[in-house]
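> Attaching a single structure in structure tokens format; questions to follow.
The values are calculated or read from the model by the stated rules, or taken from the named source; none is laboratory data. All figures in this text were calculated on a predicted structure; none of them were measured in a lab. Here the Cβ positions follow ideal geometry from the backbone for every residue, glycine too, while neighbour counts run over all protein chains shown.
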Amino acid sequence: MENSTMTVNAIKNIAVNVCRFLVAATFIFSGYVKAIDPLGTQYKIHDYLVALNIDSFIPSYLTLGASVILAALEFSLGILLLFAIRRRLVSKTILLFMAIMTATTVWIALANPVKDCGCFGDALKLTNWQTLGKNIILLAAALAIWKAPLAMVRFISKANQWIVINYTVIFCIATSTYCLYDLPLFDFRPYHIGADIRKGMEIPEGAEQPTFETTFILKKDGKTKEFTLGNYPDSTWTFVDSKTVQTSEGYVPPIHDFSMEDTATGDDLTQDILSDKGYTFLLIMPHLENADDSNFGDINQIYDYCQKYGYRFYALTASNKKAIGRWTDMTGAEYGFLFTDETTLKTIVRSNPGLILIKGGTIIQKWSHNKLPKLNDSTPKLEKTPEGRLPQTSVGEKIGYVLLWFFMPLFLLTFADRTWAWTKWVRREKESKS
């Protein structure tokens, strides 16, 4: 009987710790991809507010603050759960969090107010029903953890837990702050450095096509009915109206709303610019009314550099001609403006303004307005500069830096903590035998 009880307890402990690692990994990943792209999270929060018709009541600085706090909360809860810190409090908090998120995704799945919940930013896209299934699994795991929080094995002693807590929160908020100042450390969007915009717009041969269904509204003997092509009646019925709805979206290329239209002439310059084998700078400013104008001198200097060497330079915006005129008067801008969809511009670069360099339709470099390249009359041609070449840092190297700066210190702390705990245990054992 005693062995049976021990077996049940062992199975329970293993199950709780498996649930713990599953939930912790999900929270850490979800929190980190939000932390490195706080503007993307802000845009997603805004989408929810629009669906609820309350977006006009919430200022943008509150949604941005909420995106940073949400990322820090998820990431920190994941780390605390991983290290089994404050086990009772953390397990209760995660259960509450998952209950709220699951209820939210039930609404999303049924009402479909947004196409993507934004749980994992742009790193991983899930349908609303997939998100609901994922949250139900996590809710069940969180419930198991809440029922037996003390079954989680500690990696850090109570005396050193405050170090992990403070370090985690500071790291996450510092990451978000840096990515707001510069650009996201990892770019999961279709406009990442090295992406060929033209290829991203292509629809492969044999791809699934969108399907539509047309319904005809006909009338006979004072009665009105709806018919499809499959059951269309005889000529005794009188046509009243028809409606066509899309029943299947089909294949949608990663880049599907990218175009550049001259604001002065209305000409579409998309293919002309993307097919140019030379360098082209594109200054991205979704809304000129909100664009940071503190570095317009550097922008104008880059434009003068382009004029010297014959490179193209355009500003892409979703603002109207009045806003363009105000920006031109304020900054002395001489470059041309092209109209591009607002959402597309926000997706291309997380900065307003932001600058990208393309060549033959391929994105070579991207810059925030806070870290613009220093190009002037004394700078050689782009072909001879680092700015004119694809960066050498790989995704693997970036991941290595994250592991080095965050997880390595925690690993060393854990190793030192466990070593010290073991030596104390050895001393106690020796004293008890002496």
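Matching residues to (1) surrounded by fewer than 17 Cβ atoms within 10 Å (Cβ to Cβ); (2) farther than 30 Å from T379 by Cα:
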{"site": "M260", "(1), (2)": "no, no"}
{"site": "R312", "(1), (2)": "no, no"}
{"site": "S319", "(1), (2)": "no, yes"}
{"site": "G332", "(1), (2)": "yes, no"}
{"site": "R350", "(1), (2)": "no, no"}
{"site": "P353", "(1), (2)": "no, no"}
{"site": "I356", "(1), (2)": "no, no"}
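> Going by the conditions given, is L355 touching a residue at least 24 places away in the same chain (Cβ under 8 Å) and out of contact with any Cys (no Cβ under 6 Å at 6 or more places or on another chain)?
For L355, the condition - touching a residue at least 24 places away in the same chain (Cβ under 8 Å) and out of contact with any Cys (no Cβ under 6 Å at 6 or more places or on another chain) - is met.
Here is a yes/no grid of residues against (1) modelled with pLDDT under 95; (2) farther than 21 Å from R189 by Cβ; (3) acidic (D, E):
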site	(1), (2), (3)
D298	yes, yes, yes
A318	yes, no, no
I324	yes, yes, no
Y335	yes, yes, no
L357	no, no, no
G360	yes, no, no
K366	no, no, no
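> Can you say whether G250 is on the phi > 0 side of the Ramachandran plot and in contact (Cβ under 8 Å) with a residue 12 or more places away in the chain, as far as the supplied structure shows?
When the stated conditions are applied, G250 passes them.
> Taking the stated definitions as given, is R189 in contact with an Asp or Glu (Cβ under 6 Å, 6 or more places away or on another chain), in a loop (DSSP other than H, G, I, E, B), of a type in the set (K, R) and surrounded by 15 or more Cβ atoms within 10 Å (Cβ to Cβ)?
yes
> Out of all the residues in the stretch 370-382, is one or more out of contact with any Cys (no Cβ under 8 Å at 6 or more places or on another chain), assigned to a helix (DSSP H, G or I), assigned by TED's automatic domain parsing to the domain that holds I356 and within 26 Å of K277 (Cβ to Cβ)?
There is at least one residue in the stretch 370-382 that is out of contact with any Cys (no Cβ under 8 Å at 6 or more places or on another chain), assigned to a helix (DSSP H, G or I), assigned by TED's automatic domain parsing to the domain that holds I356 and within 26 Å of K277 (Cβ to Cβ).
> List the strands (runs of 3 or more DSSP E) that sit entirely inside the stretch 294-360 and contain at least 2 residues that are aliphatic (A, V, I, L, M) and closer than 20 Å to K374 by Cβ.
Because the criterion is at least 2 residues that are aliphatic (A, V, I, L, M) and closer than 20 Å to K374 by Cβ, the strands (runs of 3 or more DSSP E) in the stretch 294-360 that meet it are 354-359.
> Just to be sure, is G388 farther than 18 Å from P184 by Cα and in contact with a strand residue (DSSP E or B) (Cβ under 8 Å, 6 or more places away or on another chain)?
Yes.
> Enumerate the helices (runs of 4 or more DSSP H) found wholly within the stretch 1-85, keeping only those where 1 or more residues are closer than 16 Å to P149 by Cβ and of a type in the set (A, V, I, L, M).
Those helices (runs of 4 or more DSSP H) span 2-35, 60-82.
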